[in-house]
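Participant: Let me give you the structure first, and then I'll get to my questions.
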Amino acid sequence: MSVVIVTGSAGLIGSETVKFFHEKGFDVVGVDNDMRQYFFGAEASTKWNTEQLKAALPRFTPESVDIRDEAGINALFAKYGSEIALIVHTAAQPSHDWAAREPLTDFTVNANGTLVLLEATRKFAPEAVFVFTSTNKVYGDAPNELPLIETETRWEVDPSHAYAEHGIDETMSIDQCKHSLFGASKVAADVLVQEYGRYFGMKTAVFRGGCLTGPAHSGAELHGFLAYLIKCVVTGRPYTIFGYKGKQVRDNIHSFDLVNAFWHFFQAPKPGSVYNMGGSRFSNISMLEAIAKTEALTGNTLTYTLSDQNRAGDHIWYVSDIRRFRADYPDWEYKFDMDTILKEMVEATIERNR
């Protein structure tokens, strides 16, 4: 028996990982205590997703363990031991704004929780692959120093700049910039995962995600811009755009495409690897463009307010350069482009709100 442990198993990437590896024939243990409800309120609860996974997947076992609970995590890892083939760590406090409300909670979940999981892996399953979903926020607001050009619907990088053609690569500094407290806690986790790969020789990988999205996203105002935007368009709820004239750009990668990248790494791991992973130039969109496309798909009109105040440390333009991952895993390809992602998310949101 081979076991995959997925933290944050009821979340967007976690649940996609559960389904993907269950289909590959693995027994999957999900670690999720629905802290998303604590972070963002009842509407962001992921309990519904855990129930769906339990009903649909016979080899899925959910465990309501807090990743900060060293004794609880150790007991879980000791139970499966050398049967553990892979750990996919997606659990996190994911919001800039929320982190400033409770910095200790944010840091202990994101940094300490990651350390607890790495140590449990080293003690009980040292040969297992450890995949961590980091974030482009480890680069702080450094991307905002790029030479940007304003167009009618978006900001873009000056075509003469090195990042213009393919996006931002892993050589961008993560130092001496404003990260938000969330970004800082994810930096700590990111470096820990690298270090366990480089220092202990463990099969670790860091995936620095752009906007990770898909129909299973429990979007809230403080996290999951595309999912929350679509929810507002579908339900008629008013929406607020924070700063940058609504022209801020994000690259969006579907949860399936990201998890498929995990699968490729799992089959041929390169210890201590770091990859920028997002929609790249293949799949990116501005807020204004996303609103227009979602309105066209639904036939609804969004009522929105444009605030002059941007979120602290937020990016004006971010597109991932994924060429490092592609060089290591040339057989990996995207399945979902931006239009397909939006269509699927709109249909799922309409169904959920019937």
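The values are calculated or read from the model by the stated rules, or taken from the named source; none is laboratory data. Keep in mind that what you see is a predicted model, and the values were worked out from it rather than measured. FYI the Cβ positions are ideal-geometry reconstructions off the backbone, even for glycines, and counts take in every protein chain you see.
Participant: Across the range 164-185, which residue is farthest from residue 115 (Cα to Cα) among those that are of a type in the set (S, T, N, Q) and surrounded by 17 or more Cβ atoms within 10 Å (Cβ to Cβ)?
Facilitator: That would be 180.
Participant: Something else now. Residues of the range 263-280 being under 20 Å from residue 317 (Cβ atoms) and either among the polar types (S, T, N, Q) or free of Cβ contacts under 8 Å to residues at least 24 places away in the same chain (or both), which ones?
Facilitator: Within the range 263-280, 276, 280 qualify.
Participant: Still on this model: If you go through the range 1-21, how many residues are surrounded by fewer than 24 Cβ atoms within 10 Å (Cβ to Cβ) and either touching a Lys or Arg at 6+ places or on another chain (Cβ under 6 Å) or in a loop (DSSP other than H, G, I, E, B) (or both)?
Facilitator: Result for the range 1-21: 2.
Participant: Now for a different question. Out of 186, 203, 231, 247, which single residue is of a type in the set (Lys, Arg) and at pLDDT below 95?
Facilitator: On inspection, the qualifying residue turns out to be 231.
Participant: Give the residue that is surrounded by the most Cβ atoms within 10 Å (Cβ to Cβ), with candidates limited to residues of the range 76-129 that are closer than 19 Å to residue 180 by Cα and β-branched (Val, Ile, Thr).
Facilitator: Among them, the one singled out is 114.
Participant: Additional query: Scan the range 319-340 for residues that are part of a loop (DSSP other than H, G, I, E, B) and in contact (Cβ under 8 Å) with a residue 40 or more places away in the chain and jot them down.
Facilitator: Selection gives 319, 321, 322, 329, 331, 332, 334, 335, 336, 337.
Participant: Take the conditions surrounded by 17 or more Cβ atoms within 10 Å (Cβ to Cβ) and aliphatic (A, V, I, L, M) and apply them to residue 258. Does it pass?
Facilitator: Numbers: surrounded by 17 or more Cβ atoms within 10 Å (Cβ to Cβ): yes; aliphatic (A, V, I, L, M): yes.
Taking the combined requirement at face value, the residue satisfies it.
Participant: Next question. Quick one: how many residues across the range 9-64 are among the charged types (D, E, K, R) and closer than 23 Å to residue 94 by Cα?
Facilitator: The qualifying residues number 9.
Participant: Restricting to the range 54-79, name every residue that is within 13 Å of residue 120 (Cα to Cα) and touching a Phe, Trp or Tyr at 6+ places or on another chain (Cβ under 8 Å).
Facilitator: Start the filter on the range 54-79 by keeping residues that are within 13 Å of residue 120 (Cα to Cα), which leaves 67-79.
Within the range 54-79, 74, 77, 78 qualify.
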